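Working notes for the structure below.
The values are calculated or read from the model by the stated rules, or taken from the named source; none is laboratory data. All figures in this text were calculated on a predicted structure; none of them were measured in a lab. Methodologically, a virtual Cβ is constructed for each residue, glycine included, from the backbone with ideal geometry; neighbour enumeration extends over all protein chains shown.
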Amino acid sequence: MCGILAVLGCADDTQGKRVRVLELSRRLKHRGPDWSGMHQVGDCYLSHQRLAIIDPASGDQPLYNEDKSIVVTVNGEIYNHEQLRAQLSSHTFRTGSDCEVIAHLYEEHGENFIDMLDGVFSFVLLDTRDNSFIAARDAIGVTPLYIGWGIDGSVWISSEMKGLNDDCEHFEIFPPGHLYSSKQGGFKRWYNPPWFSEVIPSVPYDPLALRKAFEKAVIKRLMTDVPFGVLLSGGLDSSLVAAVTVRHLAGTKAAKRWGTKLHSFCVGLEGSPDLKAAKEVANYLGTMHHEFTFTVQDGIDAIEDVIYHTETYDVTTIRASTPMFLMSRKIKSLGVKMVISGEGSDEIFGGYLYFHKAPNKEELHHETCQKIKALHQYDCLRANKATSAWGLEARVPFLDKEFINEAMSIDPEWKMIRPDLGRIEKWVLRKAFDDEEQPFLPKHILYRQKEQFSDGVGYSWIDGLKAHAESNVKTLLPLMFNTSLLCVKL
């Protein structure tokens, strides 16, 4: 994942303003340590910090159309870029970047091309012919994006809040699945799948169709020109990602370049459940496995940095982000630049343990819809920012558009947790990969009950965090109380 920053219509085209935009863009350098670029047209600036995954040699940004009248800065991956290039055969491409198709699609279709993109993305496109611009964010919000407004009426768009907070009068989350158009003067939703209206679906459960949809989602994400691996906790979701990757890696371009031996990575406290389960899965699949351990104190020491990078104080997000943050640094040190991860499954299939309390299929479906819609504030944010802090990209096949459509079209009666029928949480996903002839995973792994990531890395991590918080709150309370008394006296 890269870092983008755009300042549009700021009524200031001086060298001083350019220097300021460059300074703010450098705050995103952790997201893209490989290169940086800036394009200025009058009072519009598009800057980019690049993490080179596809076409590392020539795919630097911003990207352009043939005559450079269209300028694009992008954070993301377009998995169907080769098919789109074939449809754009009359156009001349300058690079092998998967994101260059955006400039040419705009030439052909104007603003109505976003749904043609199969991938995850946040981008800003400037049309210098009339000084108009559009910005868009992927369907679920896998890539982070924020929008702000300067006191002079300028529009600011950034991959992280730290690119905006000092210079914007107001800024907010750029909503997933939306397009912002300067011509229209606001947002419009481009992503409108059938499930989004929360109408109860009625398609019968087809295990093979669900399996094929997930395999396709994983295979797409093997598009890479750099070393990669999988995050493997030993739970159902990450184990399925690893199993499908192992099964399909041999026939890919990535295998020709980097070999067919898949690397897997796990983090945890010494003796944690995840380390044990992940090692068992890795041995079964034959991956080159790397396990990293940390201490509770290591985690506590990293919290300040984790908050800086994730840009949230949400306790659940922070406690889960910290091990991922520590692991990402280790992974990057091995020369790996991309990993495939298992986020999103619990939201789609009702995998959290409280789904046992769902009274009926209607309530279960509504809850899964709401959980998916909120992912950009929680698991997507964690996975993206905890890895991007070290210039590592995380790809999430469970949040593939086509896979979500397949999974969310299933009659939710099949997702109901029914102990009387032997159905535990995420039974439809487990059953889809329960292959007796060619097993993807051992039965006890396939039907392992869910652990929260922050619990699976070691239960004492949560206890240690609680003790640390209580200790600091008790220390700060007298100081806060005395300060408030002083304020009252003044």
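Of the residues in segment 85-102, none is assigned to a strand (DSSP E or B), at pLDDT 95 or above and more than 14 Å from residue 182 (Cα to Cα). Of all residues assigned to segment 153-173, none qualifies as being among the β-branched types (Val, Ile, Thr) and at pLDDT below 95.
When segment 217-251 is filtered for residues that are over 18 Å from residue 285 (Cα atoms) and either surrounded by 19 or more Cβ atoms within 10 Å (Cβ to Cβ) or out of contact with any helix residue (DSSP H, G or I) (no Cβ under 7 Å at 6 or more places or on another chain) (or both), the ones remaining, listed by number, are 217, 220, 221, 223, 224, 225, 226.
Just one residue in the set 145, 179 is hydrophobic (A, V, I, L, M, F, W, C) and surrounded by 24 or more Cβ atoms within 10 Å (Cβ to Cβ); that residue is 145.
For (1) acidic (Asp, Glu); (2) farther than 20 Å from residue 9 by Cα; (3) not assigned by TED's automatic domain parsing to the domain that holds residue 8, each residue gets a yes or a no:
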position	(1), (2), (3)
144	no, yes, no
182	no, no, no
202	no, yes, yes
216	no, yes, yes
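Taken over segment 312-349, the criterion of being among the hydroxyl-bearing types (Ser, Thr, Tyr) and in a helix (DSSP H, G or I) is satisfied by 316, 317, 321, 322, 328, 333, 345. Residues considered: 200, 219. Of these, the only one that is over 19 Å from residue 54 (Cβ atoms) and in contact with a His (Cβ under 7 Å, 6 or more places away or on another chain) is 200.
Here segment 248-277 is the region considered, the condition is being in a helix (DSSP H, G or I) and within 15 Å of residue 323 (Cα to Cα), and the residue that is nearest to the chain's Cα centre (by Cα) is 274. Annotation note: Cβ proximity below 7 Å between a residue of segment 245-264 that is closer than 18 Å to residue 440 by Cβ and a residue that is of a type in the set (Ser, Thr, Tyr) and part of a helix (DSSP H, G or I) (sequence gap 6+ or interchain) occurs for 262/245. Quick check, is residue 275 buried (at least 19 other Cβ atoms within 10 Å of the Cβ) and touching a helix residue (DSSP H, G or I) at 6+ places or on another chain (Cβ under 8 Å)? For residue 275, the condition - buried (at least 19 other Cβ atoms within 10 Å of the Cβ) and touching a helix residue (DSSP H, G or I) at 6+ places or on another chain (Cβ under 8 Å) - is not met. Residues in segment 98-119 that are of a type in the set (A, V, I, L, M) and free of Cβ contacts under 8 Å to residues at least 60 places away in the same chain were compared, and the one that is farthest from residue 47 (Cα to Cα) is 116. Residues considered: 290, 309. Of these, the only one that is in contact with a helix residue (DSSP H, G or I) (Cβ under 8 Å, 6 or more places away or on another chain), part of a helix (DSSP H, G or I), assigned by TED's automatic domain parsing to the domain that holds residue 322 and not hydrophobic (A, V, I, L, M, F, W, C) is 309. So for segment 347-355 (the condition being more than 21 Å from residue 240 (Cβ to Cβ), crowded, with 17+ Cβ neighbours inside 10 Å and out of contact with any Pro (no Cβ under 9 Å at 6 or more places or on another chain)), does at least one residue qualify? No, every residue in segment 347-355 fails to be more than 21 Å from residue 240 (Cβ to Cβ), crowded, with 17+ Cβ neighbours inside 10 Å and out of contact with any Pro (no Cβ under 9 Å at 6 or more places or on another chain). Selection over segment 27-47 of residues that are in contact with a Cys (Cβ under 6 Å, 6 or more places away or on another chain) and in a strand (DSSP E or B) gives a count of 0.
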